1. Relative contact order of the chain, please, whole-number percent, based on alpha carbon pairs below 8 angstrom and at least 6 residues apart.
2. Classify segment 176-287: rounded, prolate or oblate, from the alpha-carbon gyration tensor (a ≥ b ≥ c, eigenvalue square roots; a/c under 1.5 rounded; otherwise prolate if a/b is larger than b/c)?
3. Just in segment 1-73: which chymotrypsin sites (Phe, Trp or Tyr not before Pro) are loop by DSSP and have at most 14 other Cβ atoms within 10 Å?
4. Out of the trypsin sites (Lys or Arg not before Pro) in segment 215-255, which ones are loop residues according to DSSP with at most 13 other C-beta atoms within 10 Å?
5. Calculate, in whole percent, how much of the Cα-Cα pair population of the chain lies beyond 42 Å.
6. Kirkwood Rh, Cα Rg: Rg to Rh for segment 27-120?
7. Going through segment 81-151, which trypsin sites (Lys or Arg not before Pro) have at most 15 other Cβ atoms within 10 Å and a DSSP loop state?
8. For n ≥ 4 DSSP H runs only, could you compute -39500 (n - 2.57) per run for the chain, divide by its residues and tell me the 222 nm figure to the nearest 500?
Amino acid sequence: MKILVINAGSSSLKFQLFESDSEDVILRGHYDGIGSVYRGSCLRKINGEKESCSTGSLEQAIFDMLRLLEERRAIGSLADISAVGHRVVHGGENYSSVTEMSASVIDALKGISHLAPLHNPASVSCIEVLVKTLPRARQFAVFDTAFHQTMPEEYFLYGLPMEMYRKHGIRKYGFHGTSHKYLSRQAAKILGRPIETTRIITCHLGNGQSICAVRHGKSLDTSMGFTPLEGLPMGTRSGSFDPEIVLFLLGRGYTKERISEIINKESGLLGISGLSSDHRVVEERAMGGDLNALRANNLLTRRIVSVIGSYMAEMRGVDAVVFSGGIGEHSSLLRKAVLSHFEYLGLRVDERANENHRTIISEKSSSVAVLVVPANEELQICREVRMAMAGREAEDQRTGSIPSTTF
């Protein structure tokens, strides 16, 4: 059974085609710069091969993707695609698990697009195109926010009047949920522990960054909030800061549009270092003695330590800490700097294993296991779609019903 996993953005489209039983990737690709006014500025990367392309819209990129799947013989025909799993950033409070698409679900997603205006509209457009183009394939949404719907209200509410939550839905939603779910389960598998017995802190550290406290397989707390801006300083996002600063800037003549640009596109590693949003550049310059780079690196390290420490207390202990993402997987220096703060708890890092980016980088005598696990949200989406289909098919067999389209 072949499952197509889609991640659609405002100007990008990522896809992977899985053979679901073996979990092998048959073909993967990435379109970037979709709709650019500059000729040749859209790049298409298929199985690592880059080339320019002229896809003026998301719909054109989808059709080009489907053409390539047939042309590269990843499928015999479009009918070979049994299901499509769509990464959808925001599901609000309504969706806490993988959800099969229907006309009513699509309408509901359109109704909450204001919660993720840069991402959800593109996902909905992609779903609508593929529903029409692949009428025999079942379509599912897997939400970044879904995993965090298990957070108790004392963790997701802000100290604002309850009217703000009841009327406007202002609360912590959390993001990167699909990644945190995958990482926690992979860690439990590697350690040979049932996920229901573990307390795991997962660190998704890349250009966008978040940390999650996963207690007994469920999200208890996470660092991102109402939007992905809250939490750690990221590549260009500020992370958490005193909200009164926004009012202060408005009073100094800054427009809300300018403030949004500053805190989303000019802050974080880029803003503090004045050099780059790329942690590799910042870390290298910090090692060379650049004080601005060192300042940015130290700030990020301190904030990660603060979140991990608070989650240890919230869960009354921790069994494992997991590092993932471009920074988490590749910066042994940052991992060492962060973990050194927890030596008093008996956490011990195997320096050679850490420098070689091995899967387990803690010493055998360590009170807390530390792992490096590559991110793989696409595989988690494939797994969730496969399980949803298996559940539906089992129910169909039990009741004798015949699956039919819901559109």
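1. Details: 766 pairs, mean separation 52.9, N = 407.
Here the relative contact order equals 13 percent.
2. The shape class here is oblate.
3. Details: sites: PHE15, PHE18, TYR31, TYR38, PHE63; in loops: TYR38.
Passing both the DSSP loop test and the Cβ count: TYR38.
4. Sites meeting the loop and neighbour criteria: ARG252.
5. Values: 11400 of 82621 pairs.
Across the chain, Cα pairs with separations above 42 Å total 14 percent.
6. Numbers: Rg = 15.9 Å, Rh = 15.5 Å.
Value, to two decimals: 1.02.
7. Working: sites: ARG87, LYS110, LYS132, ARG136, ARG138; in loops: ARG136.
Listed in order of number, the matching sites are ARG136.
8. Values: 15 runs with 162 residues, N = 407.
My calculation for the chain gives -12000 deg cm²/dmol from helical runs alone.
No lab work stands behind these numbers, since they all come straight from the coordinates. Everything quoted here is computed from the prediction, not taken from an experiment. Note that we place each Cβ from the backbone using ideal geometry, even for glycine, and neighbour counts take in every protein chain shown.
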